[in-house]
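Working notes, structure below.
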Amino acid sequence: MTANELLAKVRTELTGDLQKDMQLIQDYAAKYKREENAAELAGALAEFAFSMMPAEVQEQMRTTTFVRDMRMDQAFHQAMEMLRENRLEDAEALLAEISEKIRVHFEETDKKWFCFRNPFEYHLYRLYYPTVTEFDRAPFDFSHYLTMYGYVLLENHKVRDAVKAVERAVRLNPVSADARFELAEIYKFSGTPDKLLATIKDTLRVCTSASRIARTLCNMGYYCVLIREFYDAAVFYFCSLRFENRKPVEFELMDVVRRLQTMGKQFDPPTNGQILDTFEKYGMTPPPNDDVVNLAVTLGRSAHEHRQPQLEGLFFRVAYDMTNDPGFKEILDNIDKELQGAAQQ
């Protein structure tokens, strides 16, 4: 879909209620974020939303979310171009300005702001933090911006500053695994195994897909190698491959098995009991997280009852990604057929 086609579609659904129309635009931005031209579509929607705002609101937005006379998302895109060109110092300087805007206008305020990227993250937050009810949705994905700022700081060998930036990213989206993955990379680089373990355990709690679970378990294998618990490392690498079969993880498993062999030890595929024992040794429960799966199923059924097939698909996709249950795949296939039928009418 082109930007003009998307804007034409949005215009047909405008209600005249600014708050509802802003939510409509945000929903469309989330819907098309995986398109090949997602950045173009998001930019067009953001400009359209800005043009609809009253003059005083536009001025407030310029004060709080413009950097170098650019919308923050445009400034971030420019910083990523600098990063791709290996202009690390320039990227750091621009990201530092973005970081400062976020700090002043969205962190050091009485109001809480979060960057949930989809409705499931919102509901997952409510599951884990039921007493926190007063908060607003940030206008941009500040958590992602600060995560990338942390990445650039680490590339520039500013480890402490990198940790601070990514910890802020986690606070702005406490139920996203992505910022925690970057935090784990920092702790790997700095050789701080205790903090790495704590981060891994926090990450596993909020994983919502097989690939994220696999990456977290791979990090756990790395941690066990770091503390020279090679059998445990092999178990975690083995479990990681069960969720996502990736060659680099296979190589890590083979390397650990060779180490065990040089020590006169044999590694066979672990039983379920051995896997459970290994996880319990580190205060962990084997994934997938039943609480997260059950939440996805409950939300999916509710969306079905309220005739919201797109939301139903989002929620059951989480359940399927985490479990590979064919029953969830059947539900998703039926939703796809329903949506295709509606599009053809």
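The values are calculated or read from the model by the stated rules, or taken from the named source; none is laboratory data. Predicted, not measured: the structure shown is a model, and the values here were computed from it. All Cβ positions, glycine included, derive from the backbone under ideal geometry; neighbour counts span all protein chains shown. For accessibility, only protein heavy atoms count, side chains too; no ligands or nucleic acids. Shrake-Rupley method; radii C 1.70, N 1.55, O 1.52, S 1.80 Å.
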* To do: For the range 104-111, indicate whether the set of residues that are of a type in the set (V, I, T), modelled with pLDDT of 95 or more, more than 23 Å from L24 (Cβ to Cβ) and open to solvent by less than 40 Å² (accessible area, probe 1.4 Å) is non-empty.
  => no
* Structure fact -> Those residues of the range 145-185 which are surrounded by fewer than 24 Cβ atoms within 10 Å (Cβ to Cβ) and touching a Cys at 6+ places or on another chain (Cβ under 7 Å) amount to A177
* **Those residues of the range 1-47 which are under 15 Å from R117 (Cα atoms) and either in contact with a Ser or Thr (Cβ under 7 Å, 6 or more places away or on another chain) or of a type in the set (S, T, N, Q) (or both), in sequence order** => Q23, Q26
* To do: Kindly indicate whether E13 is open to solvent by 50 Å² or more (accessible area, probe 1.4 Å) and over 23 Å from F106 (Cα atoms).
  => yes
* Asked: Regarding T63, is this residue in a helix (DSSP H, G or I), modelled with pLDDT of 85 or more and farther than 24 Å from A75 by Cβ?
  -> no
* Please name all residue pairs, on different chains or six or more residues apart, with Cβ atoms under 7 Å, provided the first residue is in the range 229-241 and is under 11 Å from V257 (Cα atoms) and the second residue is aromatic (F, W, Y) and open to solvent by 10 Å² or more (accessible area, probe 1.4 Å). => Y231/F267; A234/F267
* State the number of residues belonging to the range 244-285 that are part of a loop (DSSP other than H, G, I, E, B), surrounded by fewer than 16 Cβ atoms within 10 Å (Cβ to Cβ) and not acidic (D, E). => 11
* Filter the helices (runs of 4 or more DSSP H) completely within the range 126-216 down to those with at least 3 residues that are of a type in the set (F, W, Y). => 142-155, 177-190
* Do any residues in the range 121-143 that are closer than 14 Å to R171 by Cα and touching a residue at least 40 places away in the same chain (Cβ under 8 Å) have Cβ atoms under 8 Å from those of residues that are of a type in the set (S, T, N, Q) and assigned to a helix (DSSP H, G or I), where the two are at least six apart or on different chains, and which pairs are they? -> R137/Q26
* **Flag if E155 is closer than 18 Å to R215 by Cα and of a type in the set (D, E)** => no
* Could you check how many residues of the range 225-237 are closer than 16 Å to Q274 by Cα and open to solvent by less than 50 Å² (accessible area, probe 1.4 Å)? => 7
* Taking the residues in the range 43-53 that are more than 15 Å from K9 (Cβ to Cβ) and not in a loop (DSSP other than H, G, I, E, B) as candidates, determine which candidate is most open to solvent (accessible area, probe 1.4 Å). => E47
* To do: Could you list all residues from the range 192-217 that are among the hydroxyl-bearing types (S, T, Y) and open to solvent by less than 20 Å² (accessible area, probe 1.4 Å)?
  => T199, T203, S209, T216
* Only residues that are in contact (Cβ under 8 Å) with a residue 60 or more places away in the chain, assigned to a helix (DSSP H, G or I) and under 15 Å from I213 (Cα atoms): list them for the range 308-329, please. => V318, D321, M322
* Within the range 55-90, work out how many residues are among the hydrophobic types (A, V, I, L, M, F, W, C) and either within 22 Å of the chain's Cα centre (by Cα) or open to solvent by 70 Å² or more (accessible area, probe 1.4 Å) (or both). => 7
